[in-house]
Every structure is written in structure tokens, then in C-alpha cells.
2 protein chains.
Amino acid sequence: MAGAGEQDRLHLQAAVDLAARNVADGGGPFGALVVLDGAVVATGQNRVTRDVDPTAHAEVQAIRAACRELGMFSLAGATLYSSCEPCPMCLASALWARVDRVLFAADRHDAARGGFDDLAFYDLFATDRALWSVRVEQHRDAGSAAPFDAWLAAAGTVAY
Amino acid sequence: MAGAGEQDRLHLQAAVDLAARNVADGGGPFGALVVLDGAVVATGQNRVTRDVDPTAHAEVQAIRAACRELGMFSLAGATLYSSCEPCPMCLASALWARVDRVLFAADRHDAARGGFDDLAFYDLFATDRALWSVRVEQHRDAGSAAPFDAWLAAAGTVAY
């Protein structure tokens, strides 16, 4: 297990290096890698401001690139290494991608020191939505579930 | 406010229609719209299986498309309409995109009936990570916060 730990340490350091290089390039201080069977499948850096895409966090970038590389929407068996604790968006992305493990170096408190809302959003997720300043509301009517009825009735749908 | 309610109803129905059409096209039963100042800026449909991208949920697709359309990484003032309650990834995407409101029709329980893990992932988020089957761990060392030090020392960084 000392070897596994050393591999983890090296991959995490690579994620931190990606984060530091991204700052030097004018991006946010976040980097990530997807590793499968000991090999780096893809890397990601935060591209929010450069790509004008609020979802372009390092982990999402790495997951999307790894799936493109492998031609699969599942990263089962893979480990996501991130320079910083994944925010709720990125952690849920990792769950949808079915990775086996998520390892991170810095955490939401470091991100907060940098002015980022990871900690604030984790706190929101732990709070009743009725108390959020962002209004999140359900407006259900008789047709709301129709797409799921169609889905369940369809033949050959692909689960994910 | 009757007019606002009617607009909400129409936009939500459009999201549900996008979801139903996506099923007919072989995709997942999810659709979304971003609306700003009464105008539809962008739409999205679930593209996970067709794009082999586990992050290509309808809401993420709509948010990314809206930001591309507007040339901005902020959707402040906008409303995200979704055929189904956004999963944790999509809800956090909406927070990062700074939308004002999120309205949805069906919810995590409908999604569970369709075989999707939205409910399961919400439940995971409310559970101690030590109990998750996916291992999520911090490995911190002396260099872990270095990217944030570099970020705070850098001039001209762009907050988001």
C-alpha cells in the first residue's frame, strides 16, 4: 500500500501543479486528473472565465475529457484527483461519472480564502431551500411526469 | 402576477416538451430553458448517452449554451426552467451561474421512478462521506494551498 500511497501523492501533486500553472495563465487556482489503471486518462483546469462557462471547473473538464478519450460516459474504476475539494457540482459530476474514488489536496476553506463560494454552496445545500436567496420552486401539474412515462414506455433506452 | 405565473407555466411546459421530445429522439427525459427578461436565451436536453458525457444534463447544457449566447459566465437575473428538479450537479451549476430563480415540474421522486439517481445523490449529500461507497478523501500536505497563495498574490484575477 506504500506504492499506492506514493502514486496518489504524485497524482495529487500533478493536480496542484495544474492549478498553479492555471493561475500563471490567468485562470482559477484549480486542477484535476482522471486516472484509470495507473494511467492519466485526462486532465482539467478551471476555464470558467476564459471559456465564459460557469460549469468549466477543473474536475468537470477532466471528467468530460476522460469520457471523450475513452468513448464512454462511465469512469467506473477511475480515481478523480483534484487540487481542491470538489464543489457540490463537481462532486455530483464525479458521482454521475461513477468514479471509484475522489482525492483532493486543499479544501472548501482554502477556496473560501481565495474568494470562491464552494463553502457557501455546501452550506446552502445543508439549509432548507425556503431560506435560500435563490428561489428554487416546484410547479407541478398533471403533465409534469409525462416525460418519465414516455421514458419507461420506450424500448431500448440506455441507463446511466 | 397572473401574467408572471402564466409565463412561468408556458416556459415550464416548454421544458417538459423538450424532455418528451428528447425521449422520442433516444435521449433521457430531461429538458431545460434559460430565460432572461422574458426571452428564451437557450435550451438544453439531456445528452449524456449521445455525447458520452455524464455532465451533459439538460440544465448544464442550457446554462452553457446561454453563457455562450450572451458571452458571459454570469446569468444573473435569469430563470432556469427545468422539466425535473435539478440534481445536485445541476443545482450547483445554477448557483455558480448566479441565476435568480430555478423552477421545475417533476422532481427527484419521478426521476427515481425512471431509474435515475437524483434522489440517491441528494440522500448521499445529506450523509456523512465516511459512509459513502465512493471514497472521498483529503490528502493535505504543505504545498496543498499553494495555488490559492498564487491566486491571492496575482494581479488582475477575475472573480466569478
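The values are calculated or read from the model by the stated rules, or taken from the named source; none is laboratory data. Here the structure is a predicted model, which is why all the values come from computation and not from measurement. All Cβ positions, even for glycine, are placed from backbone atoms using ideal geometry, and neighbour counts span all protein chains on display. The area values use the complete protein model at the heavy-atom level, side chains included, leaving out ligands, DNA and RNA. Shrake-Rupley method; radii C 1.70, N 1.55, O 1.52, S 1.80 Å.
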Next on the checklist: If I ask for residues that are closer than 16 Å to B:ARG47 by Cα and in contact with a helix residue (DSSP H, G or I) (Cβ under 7 Å, 6 or more places away or on another chain), which ones from segment A:44-69 would you list?
Outcome noted: A:THR55, A:VAL60, A:ILE63
Checklist entry - What number of residues within segment B:124-160 satisfy the criterion of being more than 7 Å from chain A (Cβ to nearest Cβ), surrounded by fewer than 17 Cβ atoms within 10 Å (Cβ to Cβ) and of a type in the set (Val, Ile, Thr)? => result 1
Next on the checklist: Test of understanding: among A:GLU69, A:GLU59, which residue is in a helix (DSSP H, G or I), surrounded by 20 or more Cβ atoms within 10 Å (Cβ to Cβ) and among the charged types (D, E, K, R)?
Outcome noted: A:GLU59
Checklist outcome for this item: Filtering segment B:40-61 down to residues that are in contact with a strand residue (DSSP E or B) (Cβ under 8 Å, 6 or more places away or on another chain), within 10 Å of chain A (Cβ to nearest Cβ) and farther than 24 Å from B:ALA76 by Cβ yields B:ASN46
Checklist entry - Inside segment B:72-90, can you point out the residues that are of a type outside the set (Gly, Ala, Ser), closer than 18 Å to B:TYR122 by Cα and not in a loop (DSSP other than H, G, I, E, B)? => result B:CYS84, B:PRO88, B:MET89, B:CYS90
Checklist outcome for this item: In segment B:72-89, anything among the aliphatic types (A, V, I, L, M) and crowded, with 22+ Cβ neighbours inside 10 Å is listed as B:LEU75, B:ALA78, B:LEU80, B:MET89
Checklist outcome for this item: How many residues of segment B:113-160 are of a type in the set (Gly, Ala, Ser) and within 26 Å of A:LEU95 (Cα to Cα)? The answer is 8
Checklist outcome for this item: Within segment B:72-90, residues without any contact (Cβ under 8 Å) to a residue 60 or more places away in the chain, at the interface with another protein chain (Cβ under 9 Å from one of its Cβ atoms) and over 9 Å from the mean Cα position of the chain (by Cα) come out as B:MET72, B:LEU75, B:GLU85
Next on the checklist: Looking at segment B:125-160 only, could you name the residues that are touching a Lys or Arg at 6+ places or on another chain (Cβ under 7 Å) and part of a helix (DSSP H, G or I)?
Outcome noted: B:PHE148
Next on the checklist: Please verify whether B:ARG64 is open to solvent by 10 Å² or more (accessible area, probe 1.4 Å), within 7 Å of chain A (Cβ to nearest Cβ), out of contact with any Pro (no Cβ under 6 Å at 6 or more places or on another chain) and within 25 Å of A:LEU75 (Cα to Cα), treating the condition exactly as stated.
Outcome noted: yes
Checklist entry - Do you know which residues across segment A:40-56 are more than 22 Å from A:ARG98 (Cα to Cα) and either without any contact (Cβ under 8 Å) to a residue 24 or more places away in the chain or buried (at least 24 other Cβ atoms within 10 Å of the Cβ) (or both)? => result A:ARG47, A:VAL48, A:THR49, A:ASP51, A:VAL52, A:ASP53, A:PRO54
Checklist entry - If you check A:ASP37 against the conditions, is it within 10 Å of chain B (Cβ to nearest Cβ) and either open to solvent by 20 Å² or more (accessible area, probe 1.4 Å) or within 27 Å of A:PHE125 (Cα to Cα) (or both)? => result no
Checklist entry - Which residues, counting only those in segment A:112-123, are part of a helix (DSSP H, G or I) and within 7 Å of another protein chain (Cβ to nearest Cβ)? => result A:ARG113, A:PHE121
Checklist entry - Across segment B:1-19, which residue is most open to solvent (accessible area, probe 1.4 Å) among those that are touching a residue at least 24 places away in the same chain (Cβ under 8 Å) and hydrophobic (A, V, I, L, M, F, W, C)? => result B:ALA14
Checklist entry - Does A:ALA32 meet the test of being at negative phi, surrounded by fewer than 24 Cβ atoms within 10 Å (Cβ to Cβ) and modelled with pLDDT of 95 or more? => result no
